[in-house]
1. Select from the range 542-562 the residues that are within 13 Å of residue 189 (Cβ to Cβ) and assigned to a loop (DSSP other than H, G, I, E, B) and list them in ascending order.
2. Search the range 462-493 for residues being among the polar types (S, T, N, Q) and under 26 Å from residue 521 (Cα atoms), and hand back the single one that is most open to solvent (accessible area, probe 1.4 Å).
3. If residue 398 meets every condition in (1) of a type outside the set (Asp, Glu); (2) closer than 27 Å to residue 507 by Cα; (3) open to solvent by less than 10 Å² (accessible area, probe 1.4 Å); (4) not in a loop (DSSP other than H, G, I, E, B) apart from one, which number is that one?
4. Do you know which residues across the range 301-337 are open to solvent by 20 Å² or more (accessible area, probe 1.4 Å), among the acidic types (Asp, Glu) and not in a strand (DSSP E or B)?
5. Consider residue 496 against the criteria (1) in contact with an Asp or Glu (Cβ under 8 Å, 6 or more places away or on another chain); (2) surrounded by 22 or more Cβ atoms within 10 Å (Cβ to Cβ); (3) closer than 13 Å to residue 468 by Cβ; (4) among the hydroxyl-bearing types (Ser, Thr, Tyr): it satisfies all of them except one. Which criterion is unmet?
6. Which of the residues spanning the range 477-500 are in a loop (DSSP other than H, G, I, E, B), free of Cβ contacts under 8 Å to residues at least 60 places away in the same chain and not charged (D, E, K, R)?
7. Tell me, which residue of the range 358-376 that is more than 18 Å from the chain's Cα centre (by Cα) and closer than 24 Å to residue 332 by Cα is surrounded by the fewest Cβ atoms within 10 Å (Cβ to Cβ)?
Amino acid sequence: MTQPPNQPPQGGFGAPQDQPPYGGGFGAPQSPPPPAAQPPQAPAQPPQPQPGYGYPQQPGPYAQPGPYGAPGAPGPYAQPQQPGPYAAQPGYNYPQQPPQFPGAPGTVPGAPYGGKPASKGRTALIIGAAVAALAVIGGTVYAVTSGDGGDKKPVAHKSDDGKQSSGDPVNPGDGSGDGGADPENLNAGRKPGEAKVLWYKTAPDAPGSGADAPGMWITGKTAVKAAYKQLVAYDVGNGNPAWNPVSFPQKICAVTPDKSADDKIVVAYMSGVSDRAKCNQIQQIDLNTGKKGWSGEVADGALFDSAISIELSISGKTLMVGRSQSGTAYDLETGHKLFDKKKYGTDCFPTAFAGGTGRLVQVASCGAGGSNEHDEIQELDPASGKVKWTQPVKKGWTVARTYSLDPLVVYLTNESKKAWNISTFTKDGKFRSEVKVNEKFAPRCGWAILERDLQGCQGVAVDGDTLYLPTDTTSGANEIVAVSLANGKQKWRVKSPVDESMSPLRTEGGKLIAYVHPSYDAGGRIVSIPISGGSHTPAKVLQNPAGTAQIEDGFFDGDVQWADGRFFISSTRLSGNDDSKEKLMMAFGK
């Protein structure tokens with residue numbers, strides 16, 4: 001929904017830009033970020049009145065020298081067979097973090113589906129957390145792991161009894177957040193045609209400095225949510241507790257964004273609370289039962305490759321754990337180590353991974369500090385780690401996100417040019433097309449402070465031959481644009497049916513499913529948009545009640561999902577405010 005006017009930017013490398021000097025743009029936030037740890041700020045810089053980041057950058061990102069090498073470029077890798085923007089240029093580039101210029105995904109999170117701007121006090125906590133995080137880096141970066149540097153077998157073992165760790169009894173449900181009752185009578189006054197509030201949950205207590213609540217996984221039985229030190233699970237239909245909360249000794253610091261085909265996830269939590277604590281404790285969980293599977297500790301890599309911060313992804317039966325300069329793959333069922341991905345060639349270091357649909361993609365940083373500095377994209381065999389293909393990226397371009405793995409669609413940024421590029425690849429890694437639509441787009445992309453988060457975007461959908469992106473808007477209705485993956489050109493566009501923004505969720509049954517955000521006096525809605533044919537008029541599938549619009553709108557940086565005719569929304573960050581119960585999850589249905 002429409003947010004209050006933004007405030008001037010605070011400046012600084014990676015600092016939250018409430019109103020980017022480049023006017024927002026593709027992947028840019030629509031309001032200030034949630035209170036997550038961020039780097040310290042530099043002195044504020046005055047905004048520059050320039051076209052938005054995401055607009056073609058005179059004459060446009062796709063009209064500039066593109067990110068990929070052209071025929072005749074040196075090296076053993078297959079190159080895109082087309083002239084123009086992909087002309088050969090010497091050298092490559094990669095900064096160790098995603099570029100922090102305004103609007104780039106990875107700089108600050110996108111607009112929340114509801115929620116209010118962070119207060120100055122919470123912003124101070126953000127900076128303090130970032131300083132602490134950087135202090136940890138300074139304290140551990142020179143520590144070299146003993147033994148064989150991470151080649152030893154992983155520490156994986158069964159939990160004590162394979163049952164939930166929490167001894168607390170299941171709350172039978174009083175509406176306070178644990179059960180399915182409705183003491184507030186949220187469905188009172190529901191108008192004809194409006195959906196039901198199936199259930200609504202409040203969050204567990206969080207520290208005053210705030211806490212992460214990452215991930216939301218929906219199975220045929222349960223809706224599962226991480227919050228601070230717990231995993232909680234509810235029956236998808238009535239909200240009754242599905243199993244006892246699973247508690248962890250320290251805060252959750254990473255999760256697999258997607259579940260496996262048999263409804264398994266992996267959660268990482270901190271090794272302690274000291275400045276030397278690392279995000280290196282991992283635990284497999286069955287989403288349907290809450291039972292713990294194997295657990296283990298992620299070893300550090302070589303020098304400058306600590307497990308202080310990790311990323312987790314699942315591809316088929318493989319769990320990929322990414323560190324800052326390497327990765328280790330485990331069998332998702334047993335925890336047995338499958339392979340390591342380390343430095344290759346003379347100076348290429350794996351820096352990020354994305355998994356899903358049976359595919360595993362790796363991004364590597366090569367030639368840091370030299371004339372041949374660049375990124376490389378590789379597809380790996382999830383079972384063996386064998387490289388299927390490699391695609392070098394031209395100097396100056398950073399692979400920031402993957403919007404889809406099948407087909408592979410990547411989002412790239414160029415810090416020096418203040419430019420972006422969305423490119424698609426064939427199954428064998430050859431360049432296929434790039435987006436050529438003259439528009440500002442605004443999917444919601446999260447913040448990654450110590451590593452790249454390739455899979456951190458919402459509000460974008462892809463089917464076999466089409467990419468669906470929401471346009472940017474500061475107020476009122478926006479549009480969804482369908483872009484051909486064959487040639488990068490617009491196929492069609494459709495405007496939000498009301499004076500609020502609309503975001504793609506997924507495709508199903510030959511239609512695009514989208515979420516229309518709530519307003520102050522109307523609930524959000526789910527609409528379906530025909531993909532083919534001459535008409536793309538949104539049809540209402542689910543209209544959330546007006547009586548709970550403010551609750552729906554108040555989920556800070558909300559994670560949203562549509563599954564089996566139900567709409568789920570949850571918070572991804574807890575403020576730790578003790579004055580009132582914080583929102584955690586909400587479900588709507590017929």
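1. 545
2. My answer is 474.
3. So the condition that residue 398 fails would be (2).
4. 333
5. The number of the failed condition is (3).
6. Selection gives 477, 478, 486, 487, 496, 497, 498.
7. 358
The values are calculated or read from the model by the stated rules, or taken from the named source; none is laboratory data. These figures come from a predicted structure and were not determined experimentally. Neighbour counts run over all protein chains shown; Cβ positions are idealised from the backbone, glycine included. When the accessible area is computed, the model is the full protein with side chains, heavy atoms only, and any ligands, DNA or RNA have been set aside. Shrake-Rupley method; radii C 1.70, N 1.55, O 1.52, S 1.80 Å.
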